[in-house]
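Trainee: Before I ask anything, here is the structure I am working with.
The values are calculated or read from the model by the stated rules, or taken from the named source; none is laboratory data. Here the structure is a predicted model, which is why all the values come from computation and not from measurement. Neighbour counts run over all protein chains shown; Cβ positions are idealised from the backbone, glycine included.
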Amino acid sequence: MKRPDNWQIEEIISWIPAVFIVLAIVVALYFWLRSEEPQQAEPAVVIEPQLPEQVGPPKIQFPVPVAPVEPVPAEIPSAGPAVPVEEIEKTPPEPAVPELPVEEQFTFLFDWREYGQLFLTEALINHFVVTIDNMTGSKLPQKFAFTQPPAGKFVVQREAEDSQYLDPKNYDRYTKFVQFAEAADVQRFVTFYVKHYHVFQSAYEELGYPNRYFNDRFVEVIDHVLSTPDVRKPIKLDQPKVYYTFADPKLESLSAGQKILIRIGPENAAKIKAKLLKFRQALTTLGRQ
């Protein structure tokens, strides 16, 4: 699906997208921080992991406790005539109620009528994990987006033919994502994350990290995004070819995740950072609970 403006593909938003995944809420991260696809989309490529080979189990910094298995309550017989044991043994067991798919369980974490239009739930956790892992790189693979693009078109302020700036009107395009982030119940998302952590971990290992721990990487990425500089002066843009880039080399050299926070505006970025700090606190203390 092509997006309405021609921002450079290196640009990118779930945090907002999020934290947030946020969900991982935590699945939030991505909504809050998600990018826009250019008019001429390039094929998405998952960045190959470039990590030294490890031997043995991962050195876990922030362990996620194993979610307890909910016991099936034993049925208490009501008062009445005794039933012979042999008759009980002949009675077929009640069929187990199948658990809802993980993606459907995710939709119960928030007001779906209010925020459901923000998400693409197909292969949600896999796409979330890929997005988080690529947040510190230069690109986010659009193929693995799990949120819809922001509404409206990208707007540029032109003061002269060779002088153009990021229009602050663009910041309003991310209002719904920021509202979702602020309304997200951290504890509910974290409970979901812990319950399904094995799915997150499996998806991470499939990227080529058999000896790495996803929650550690998640916290690392949150710290990276939190280090995004606070830019309040007008942001000048260049357009060397089709797509816009930041004229300031320091801004242009930022990672995909950091550029997202720059692009959504300083006020929105401050709100997202505040929520990310709460998620970080929760994700780094799971093993102590």
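Trainee: In region 207-222, what count of residues is obtained for those that are over 14 Å from the mean Cα position of the chain (by Cα) and not basic (Lys, Arg)?
Mentor: Filtering region 207-222 down to residues over 14 Å from the mean Cα position of the chain (by Cα) leaves 207-213, 216.
Those left that are additionally not basic (Lys, Arg): 207-211, 213, 216.
Count: 7.
Trainee: Report the residue count in region 240-255 for those that are at pLDDT 95 or above, part of a loop (DSSP other than H, G, I, E, B) and crowded, with 17+ Cβ neighbours inside 10 Å.
Mentor: Summing the residues that are at pLDDT 95 or above, part of a loop (DSSP other than H, G, I, E, B) and crowded, with 17+ Cβ neighbours inside 10 Å in region 240-255 gives 2.
Trainee: Would you be able to say whether some residue in region 118-138 is charged (D, E, K, R) and buried (at least 22 other Cβ atoms within 10 Å of the Cβ)?
Mentor: Going through region 118-138, the residues charged (D, E, K, R) turn out to be 122, 133.
Filter again for buried (at least 22 other Cβ atoms within 10 Å of the Cβ), leaving 133.
Checked against the condition, which is being charged (D, E, K, R) and buried (at least 22 other Cβ atoms within 10 Å of the Cβ), region 118-138 yields at least one hit.
Trainee: Moving to a separate point now. Identify, please: which residue in region 145-180 is outside any loop (DSSP other than H, G, I, E, B) and of a type in the set (Asp, Glu) and is, among those, modelled with the lowest pLDDT? It would help to see each step written out before you state the result.
Mentor: Keep residues of region 145-180 that are outside any loop (DSSP other than H, G, I, E, B), which gives 147, 156-160, 163-166, 168-180.
Within this subset, residues satisfying the condition of being of a type in the set (Asp, Glu) are 159, 172.
Values: 159: 81, 172: 96.
Within region 145-180, the match that is modelled with the lowest pLDDT is 159.
Trainee: Which one of these is aliphatic (A, V, I, L, M) and touching a Ser or Thr at 6+ places or on another chain (Cβ under 9 Å): 181, 145?
Mentor: On the way: 181 fails: touching a Ser or Thr at 6+ places or on another chain (Cβ under 9 Å).
Residue meeting the stated conditions: 145.
Trainee: Of these, 258, 281, which one is surrounded by 15 or more Cβ atoms within 10 Å (Cβ to Cβ), polar (S, T, N, Q) and in a helix (DSSP H, G or I)?
Mentor: Answer to the selection: 258.
Trainee: Okay, moving on. Of everything in region 107-130, what is under 16 Å from residue 141 (Cα atoms), of a type in the set (A, V, I, L, M, F, W, C) and not in a helix (DSSP H, G or I)? Give them in sequence order. Let's see the steps before the verdict.
Mentor: To start, the set of residues in region 107-130 that are under 16 Å from residue 141 (Cα atoms) comprises 120, 122-130.
From what's left, of a type in the set (A, V, I, L, M, F, W, C): 120, 123-125, 128-130.
Selection gives 120, 123.
Trainee: Still on this model: Residue by residue through region 273-289, note down the ones that are in contact with a Leu (Cβ under 9 Å, 6 or more places away or on another chain), over 17 Å from residue 188 (Cβ atoms) and hydrophobic (A, V, I, L, M, F, W, C).
Mentor: 277
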